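Taking it in order: structure first as structure tokens, then the write-up.
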Amino acid sequence: MRTTRTTRTAIASCAALAALLGAAGTAAAAPPSGPPTGDGAKAVCKRAPKADARIDKALSRLNGNSSTPGSIARLTQRVANAKTAGHTEIATLLNDRLTFRTSLVPTLQQRQKDLKKVIVWCQANNNGNDKGTGTPK
């Protein structure tokens with residue numbers, strides 16, 4: 001009798017699990033809701049100040065002095081230290097990081113300029129709630 005009860009419990013558990021997974025599978029397979037109906041201006045305007053603050057913080061860090069973690073100056077010093085110690089593999093790795101980090105600065109500066117224009121547009125257009133041609137009022 002004991003084996004029968006255990007078997008029934010196992011079968012019931014498997015059936016419940018299969019039903020749960022089947023319901024989750026059909027929800028995941030739902031078709032997309034369709035193409036976007038707008039340009040998302042309201043959401044962009046809402047996120048713009050936080051994005052601007054993040055870019056400012058990143059640029060401050062990158063342009064910091066050699067005692068600032070994450071700065072280009074600090075990484076340059078680490079590359080020099082690795083070369084002085086004769087650690088060529090480490091110097092190569094750090095130099096590749098330095099190249100990438102240096103390339104971030106102009107990209108972030110351009111994004112910051114673009115974002116400033118977006119913030120001005122948002123202020124002129126009721127934070128993206130106004131309908132119209134997209135030109136400032």
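The values are calculated or read from the model by the stated rules, or taken from the named source; none is laboratory data. None of these values were measured; they are calculated from a predicted model. Here the Cβ positions follow ideal geometry from the backbone for every residue, glycine too, while neighbour counts run over all protein chains shown.
Miscellaneous remarks
- Filter result (at pLDDT below 95 and among the aromatic types (Phe, Trp, Tyr)) within the stretch 73-132: 121
- Residue 11, sole failed condition from (1) at pLDDT 70 or above; (2) surrounded by 10 or more Cβ atoms within 10 Å (Cβ to Cβ); (3) over 30 Å from residue 129 (Cα atoms): (1)
- Test: residue 48 is in contact (Cβ under 8 Å) with a residue 12 or more places away in the chain and either crowded, with 16+ Cβ neighbours inside 10 Å or not in a helix (DSSP H, G or I) (or both): yes
- Qualifying residues in the stretch 15-66 (those that are farther than 28 Å from residue 128 by Cβ and in contact with a Lys or Arg (Cβ under 7 Å, 6 or more places away or on another chain)) - the one modelled with the highest pLDDT: 62
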